[in-house]
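Below: the structure, in structure tokens.
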Amino acid sequence: MNEIDPARRFSLDAVRNFDGPAASDTAGGMNEVARQVASQYRRDTMSPIMVSGVLRMVEFALLFLSGLCLYFHYVGFFNYLPWQYPLAIASASFLAVVLLDVSDSYQISALMRPIANFGRILLVWAGAFALMALTAFAMKMSEDYSRLLFGTWFVVGFLLLFGLRLVMSKLIRRWARDGRMERRAVIVGGGKAAEVLIRSVEKQPYNDIRICGIFDDRGDKRSPPIVAGYPKLGTISELIEFARIARIDMLIVSLPLTAESRVLQLLKKLWVLPVDIRLSAHSNALQFRPRAYSYIGSVPMLDIFDKPINDWDSVAKRAFDIIFSIIGIIVFSPVMLVTAIAIKLDSKGPVLFKQKRHGFNNETIEVYKFRSMYTDRSDPTAKQTVTKNDPRVTRVGRFIRKTSIDELPQFFNSLLGSLSLIGPRPHAIAAQSHNLLYNEVVDGYFARHKVKPGVTGWAQINGWRGEMDTNEKIRMRTEYDLYYIENWSLLFDLRILFLTPVRLLNTENAY
């Protein structure tokens with residue numbers, strides 16, 4: 001049998017172009033029980049990937065610093081082999097972390113059982129020393145180093161490693177018990193298939209999955225209201241609103257792979273959410289190679305969609321935003337000061353204009369701009385698009401809108417975290433085109449909100465900025481935004497950032 005690549009089987013284009021019902025994404029349909037459950041999961045959780053990643057860095061730092069302190073104690077402050085000793089200590093520390101990683105010692109199940117993994121940790125630490133000793137012997141350098149120093153470091157380093165892991169096991173268990181470190185999952189589809197899936201997941205030892213409930217379009221006869229002790233909270237459309245309130249990490253579709261039309265119908269509604277979407281494969285007769293699956297314990301899953309810009313990517317992007325926002329504020333502070341004075345002299349009213357817009361996951365955020373309209377004619381809801389020679393715009397406003405100087409205060413939004421520097425531009429909540437909200441014009445429009453919105457973006461530097469006076473312009477802007485989300489990287493962000501000043505010279509569509 002020819003093997004099917006699961007990543008291609010349910011491609012994004014297949015989902016978006018599927019001729020089936022899409023989600024309306026309007027609030028108000030969720031029942032009270034579902035709303036109460038969603039409110040319990042409003043708080044963000046700590047990602048196990050992030051916890052184990054931080055632990056890697058902490059363990060490297062502990063080993064390196066303890067070795068360096070012993071070097072200062074036994075040898076002196078850089079008195080002998082001033083760079084060779086620190087290099088050897090750093091190399092051994094790094095090698096130990098790599099070997100711990102290779103031996104799966106950073107898996108949450110291993111971190112929760114340090115005593116059971118005592119021998120593995122000792123073997124890894126001894127292995128790192130053995131490899132370093134072998135290297136020194138091969139390079140004929142072993143006699144240059146203090147055996148007492150490294151013998152002491154072996155004992156001290158192991159005690160630090162094991163002691164830290166004892167502390168971490170207690171912390172992880174407490175975080176798991178308090179719901180601070182878990183992966184929250186919703187089961188999509190009920191009945192017997194969902195029950196088998198839930199039982200399989202619950203049997204996994206040291207499981208970090210918390211099942212929050214079940215959503216299914218089918219009635220109670222085909223999909224019981226309680227499955228394996230978990231309630232059916234509503235329909236698939238109501239799941240959209242649930243996931244806008246609760247901090248959900250994963251949707252697990254409990255339908256057979258052979259029900260392709262039904263699966264595509266569900267994904268047509270769900271792909272706009274900023275979550276991982278997995279298709280349960282534990283009961284499928286159609287089998288792929290093991291590396292085609294991801295796993296919850298030993299339960300196989302097919303990865304349909306991944307949450308964009310997640311875990312360490314989100315850390316890197318946030319650092320990018322902070323660094324370049326500070327640079328932007330410093331560089332453009334004279335321009336912002338002159339603009340504020342000009343606005344005050346030109347017309348009455350505040351210097352800044354605050355507007356509510358859609359942020360990440362459809363949350364409402366307040367975006368700062370320099371005021372470009374007369375105060376008594378401003379339109380906070382943006383129901384009426386600004387057009388060429390719009391009488392509501394002040395003289396200073398025309399200039400700062402054309403040059404995008406009015407957007408400069410959004411550096412502060414980016415620094416504070418409500419915006420990112422690069423991302424889909426946030427639109428006003430009530431923004432319309434021909435009396436239709438943007439999400440009514442573009443199917444899948446809310447998928448733009450799977451990431452944090454930006455001060456500038458891929459659509460803007462490709463000419464899709466300014467007045468959105470036609471449905472085609474809204475569709476094209478959305479297409480460019482989705483391309484950015486699907487292809488994000490830090491290099492892509494840098495490219496957009498440095499191209500933005502050049503592309504802003506084209507003021508044809510900015511009024």
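The values are calculated or read from the model by the stated rules, or taken from the named source; none is laboratory data. These numbers were taken from a predicted model, which means no experiment stands behind them. We place every Cβ from the backbone using ideal geometry, glycine too, and count neighbours over all the protein chains shown.
Brief remarks on what is shown
- Just so you know, in segment 258-270 the residues that are crowded, with 21+ Cβ neighbours inside 10 Å and hydrophobic (A, V, I, L, M, F, W, C) include one that is nearest to the chain's Cα centre (by Cα), and it is 270.
- Matching entry among 67, 76 (being outside any helix (DSSP H, G or I) and modelled with pLDDT under 95): 76
- In this structure, residue 339 qualifies as touching a residue at least 24 places away in the same chain (Cβ under 8 Å) and either in contact with a helix residue (DSSP H, G or I) (Cβ under 6 Å, 6 or more places away or on another chain) or assigned by TED's automatic domain parsing to the domain that holds residue 280 (or both).
Yes/no per residue for (1) surrounded by 17 or more Cβ atoms within 10 Å (Cβ to Cβ); (2) more than 22 Å from residue 413 (Cβ to Cβ):
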site	(1), (2)
302	yes, yes
305	yes, yes
312	no, yes
342	yes, no
345	no, yes
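- Close pairs from segment 470-499: first assigned by TED's automatic domain parsing to the domain that holds residue 360, partner surrounded by fewer than 19 Cβ atoms within 10 Å (Cβ to Cβ) and among the charged types (D, E, K, R), Cβ under 9 Å, at least 6 apart: 473/467; 482/16; 488/313; 489/313; 490/313
- Among the residues of segment 419-431, the one identified as surrounded by 19 or more Cβ atoms within 10 Å (Cβ to Cβ) and at pLDDT below 75 is 431.
- Residues in segment 254-277 that are in a helix (DSSP H, G or I) and either touching a Pro at 6+ places or on another chain (Cβ under 6 Å) or not acidic (Asp, Glu) (or both): 261, 262, 263, 264, 265, 266, 267, 268, 269, 270.
- Where residue 146 falls short, out of the listed (1) buried (at least 19 other Cβ atoms within 10 Å of the Cβ); (2) in contact (Cβ under 8 Å) with a residue 24 or more places away in the chain; (3) more than 21 Å from residue 57 (Cα to Cα): (1)
- Single residue of 233, 164 found to be within 24 Å of residue 273 (Cα to Cα) and at pLDDT 85 or above: 233
- Subset of segment 462-485 (residues that are modelled with pLDDT of 90 or more and β-branched (Val, Ile, Thr)): 485
- Test: residue 369 is in contact with a Pro (Cβ under 9 Å, 6 or more places away or on another chain), closer than 21 Å to residue 415 by Cβ and modelled with pLDDT of 90 or more: yes
- Checking every residue in segment 486-497 against the condition of being closer than 22 Å to residue 305 by Cα, at pLDDT 85 or above, surrounded by fewer than 18 Cβ atoms within 10 Å (Cβ to Cβ) and hydrophobic (A, V, I, L, M, F, W, C) gives at least one match.
- Pair list, Cβ < 6 Å and 6+ apart or interchain, from segment 69-81 residues that are assigned by TED's automatic domain parsing to the domain that holds residue 156 to residues that are surrounded by 13 or more Cβ atoms within 10 Å (Cβ to Cβ): 70/149; 70/152; 70/153; 71/85; 74/146; 74/149
- As a summary of the residue check, residue 159 satisfies the conditions (1) at pLDDT 85 or above; (2) surrounded by 14 or more Cβ atoms within 10 Å (Cβ to Cβ) except for the one numbered (2).
- Qualifying residue in segment 315-325 (condition: modelled with pLDDT under 90, surrounded by 20 or more Cβ atoms within 10 Å (Cβ to Cβ) and out of contact with any Pro (no Cβ under 6 Å at 6 or more places or on another chain)): no
- Residue match in segment 231-242 (condition: within 20 Å of residue 303 (Cα to Cα) and of a type in the set (Asp, Glu)): no
- Residues satisfying the stated conditions in segment 233-257, i.e. surrounded by fewer than 23 Cβ atoms within 10 Å (Cβ to Cβ) and of a type in the set (Ser, Thr, Tyr): 235, 237
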